[in-house]
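Worksheet: the structure to be examined is printed underneath.
The values are calculated or read from the model by the stated rules, or taken from the named source; none is laboratory data. These figures come from a predicted structure and were not determined experimentally. FYI the Cβ positions are ideal-geometry reconstructions off the backbone, even for glycines, and counts take in every protein chain you see. Accessible surface is based on the protein model in full, side chains and every heavy atom, while ligands, DNA and RNA are left aside. Shrake-Rupley method; radii C 1.70, N 1.55, O 1.52, S 1.80 Å.
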Amino acid sequence: MSSEIRNEALWPDGNLKIEWVRHHMPLLNDLEKEFSEEKPFKGLKIALSVHLEAKTAYLCRVLAAGGAEMFVTGSNPLSTQDDIAAALVHDGLNVFAWHNTSEEEYRRHCRKVIEAGPDIIIDDGGDLVNTIHADFPELIPGVIGGCEETTTGILRLQRLNREHRLGFPMMLVNNAECKHFFDNRYGTGQSVWDGINRTTNLIVAGKTVVVAGYGWCGKGVSMRAKGLGAEVIITEINPVRAMEAVMDGFKVMKMHEAAKYGDIFVTVTGCDGVIGKEDFSVMKDGAICCNAGHFDCEIDVAGLAEMAVEAKPARKNIVGYKLENGRKIYVLAEGRLVNLAAGDGHPAEIMDMSFAIQALSARYLVQHKDSISREPGKMVQDVPEEIDRTVATRKLAAWGLEIDSLTPEQHRYLYGE
């Protein structure tokens, strides 16, 4: 076992957090029992880069129970919790991560995980896949496949796949219905406001919230903002989503126009440069900007710093930038993922579904390694519908709910069989 963490003595605090979420993740409870008996990953190495907090740690324990040798790092410099990393090291896992890494440290930790020669890669944002292709191409033939957690990572994978540069199959976990319908909408919707409210200690009711992007995450953030009493403005580049936002009761306008009205701005697009200098120049005094997209490029924080005559901490995880016109603009969590860099991420019950899909998809890759396509340009794979259905059915059962099923006659009526 090898590791690179801050302080292993923190493990008791981390273990308490993991045990807390464990009691609220019944799907992973069941999979832990199944995997302990089946050992689907016996003799295999799994490299994992996901936001390193309690729910992720429990996923790591479940995969380890299935026989995997785990090599773990975080997927964001500010989302790793040092006590969680310590708890996993205490469990005997290989962990390379600590809170607030430098860019060089973050890249080194990704390389450490890949150097192990993984059979399976579980990624969140695409950094492990990018690392193995850029720095360790000789290890690619040994990879059975991998699973990608988030939209940004899928966009990177699809680009590699189109260019015939993706070297092994990748399951698009974020595209699974039990992932993006619930994780992105309800998980992001709640956890973003958990992070904002915990960090600012300000009321949302009566304020104007600008949400950039009306995908599943943007829908969730907007819905929760409305529920908290805010007036919500949506900015979009997709005309269909913009129409949907209007019919959902929100105002829609360009970012530069919305910048004049917003009290709180949340970017959730997966794109670059969503809020820039021209937008900062017209914002209200006291406007608050935060990001809920994977990478810290949606808000041009560097550009804001260039415009500012003064920049200093206003509160933990808040930096205030004073402009020449005397107005102050505040940025939360350095423009990184506010729900994880300034909070604990999605609720445990939500990640129970997302991580159950991850675990089942990893097992599927192992079980079907000889039949999954490795043809260039055909390396990205949707999560099989059977996995989605299994997760949904088990979740309903955990809630004590049952639903109807088709009779043979109804099945013939619908499908003619």
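Close contacts from the stretch 237-262, counting a first residue that is at pLDDT 95 or above and a second that is part of a helix (DSSP H, G or I) and open to solvent by 50 Å² or more (accessible area, probe 1.4 Å), with Cβ to Cβ under 7 Å and a gap of 6+ residues or different chains, come to VAL252/VAL246; HIS256/GLU278.
I'm trying to understand the selection: among the residues of the stretch 70-99, which are open to solvent by 10 Å² or more (accessible area, probe 1.4 Å) and part of a helix (DSSP H, G or I)? Hits for the stretch 70-99 are ASP82, ASP83, HIS90.
Of everything in the stretch 224-256 that is closer than 18 Å to ILE299 by Cα and surrounded by fewer than 16 Cβ atoms within 10 Å (Cβ to Cβ), the residue that is nearest to the chain's Cα centre (by Cα) is ILE237. Going residue by residue through the stretch 395-404, is there one that turns out to be modelled with pLDDT of 95 or more, open to solvent by less than 90 Å² (accessible area, probe 1.4 Å) and of a type in the set (Phe, Trp, Tyr)? No, there is no match, as no residue in the stretch 395-404 is modelled with pLDDT of 95 or more, open to solvent by less than 90 Å² (accessible area, probe 1.4 Å) and of a type in the set (Phe, Trp, Tyr). Scoring LEU31 on the criteria (1) open to solvent by 60 Å² or more (accessible area, probe 1.4 Å); (2) in a helix (DSSP H, G or I); (3) hydrophobic (A, V, I, L, M, F, W, C) leaves a single failure, condition (1). Can you tell me which of GLU417, GLU375, GLU409 is out of contact with any strand residue (DSSP E or B) (no Cβ under 7 Å at 6 or more places or on another chain), open to solvent by 50 Å² or more (accessible area, probe 1.4 Å), not in a loop (DSSP other than H, G, I, E, B) and not hydroxyl-bearing (Ser, Thr, Tyr)? Selected residue: GLU409, the only one of GLU417, GLU375, GLU409 that is out of contact with any strand residue (DSSP E or B) (no Cβ under 7 Å at 6 or more places or on another chain), open to solvent by 50 Å² or more (accessible area, probe 1.4 Å), not in a loop (DSSP other than H, G, I, E, B) and not hydroxyl-bearing (Ser, Thr, Tyr). Checking LEU27, LEU31, LEU16 one by one, the residue that is without any contact (Cβ under 8 Å) to a residue 12 or more places away in the chain and over 18 Å from GLY125 (Cβ atoms) is LEU16 and no other. Checking every residue in the stretch 130-138 against the condition of being closer than 18 Å to PHE71 by Cβ, among the charged types (D, E, K, R) and in a helix (DSSP H, G or I) gives at least one match. Annotation: PHE168 fulfils all but one of (1) in a loop (DSSP other than H, G, I, E, B); (2) over 18 Å from VAL380 (Cα atoms); the unmet one is (2). Of all residues in the stretch 187-218, those being surrounded by fewer than 22 Cβ atoms within 10 Å (Cβ to Cβ) and of a type in the set (Gly, Ala, Ser) number 3. For the structure I just gave you, tell me whether ILE233 is more than 21 Å from GLU324 (Cβ to Cβ), out of contact with any Ser or Thr (no Cβ under 7 Å at 6 or more places or on another chain), of a type in the set (A, V, I, L, M) and in contact (Cβ under 8 Å) with a residue 12 or more places away in the chain. Criteria not met by ILE233. Go through the stretch 100-119 residue by residue and tally those that are in a loop (DSSP other than H, G, I, E, B) and in contact (Cβ under 8 Å) with a residue 24 or more places away in the chain. Qualifying residue count for the region: 6.
If you filter the stretch 35-48 down to residues that are assigned to a helix (DSSP H, G or I) and touching a residue at least 24 places away in the same chain (Cβ under 8 Å), you find that the one that is least open to solvent (accessible area, probe 1.4 Å) is PHE35. Here CYS271 fulfils each of the conditions (1) at pLDDT 95 or above; (2) surrounded by fewer than 17 Cβ atoms within 10 Å (Cβ to Cβ) apart from (1).
Among the residues making up the stretch 139-160, those that are of a type outside the set (Lys, Arg) and assigned to a helix (DSSP H, G or I) are LEU139, ILE140, PRO141, GLY142, THR151, THR152, GLY153, ILE154, LEU155, LEU157, GLN158, LEU160.
Taken together, the residues in the stretch 322-354 that are open to solvent by less than 20 Å² (accessible area, probe 1.4 Å) and of a type in the set (Asp, Glu) amount to 1. The sole residue among ASN184, ASN175 that is open to solvent by 30 Å² or more (accessible area, probe 1.4 Å), at pLDDT below 95, within 21 Å of the chain's Cα centre (by Cα) and of a type outside the set (Val, Ile, Thr) is ASN175.
Within this structure, VAL221 fails the test of being closer than 27 Å to GLU149 by Cα, open to solvent by 70 Å² or more (accessible area, probe 1.4 Å), assigned to a helix (DSSP H, G or I) and modelled with pLDDT of 95 or more.
Say whether the condition of being open to solvent by less than 10 Å² (accessible area, probe 1.4 Å) and in a strand (DSSP E or B) is met by at least one residue in the stretch 49-69. Looking through the stretch 49-69, at least one residue is open to solvent by less than 10 Å² (accessible area, probe 1.4 Å) and in a strand (DSSP E or B).
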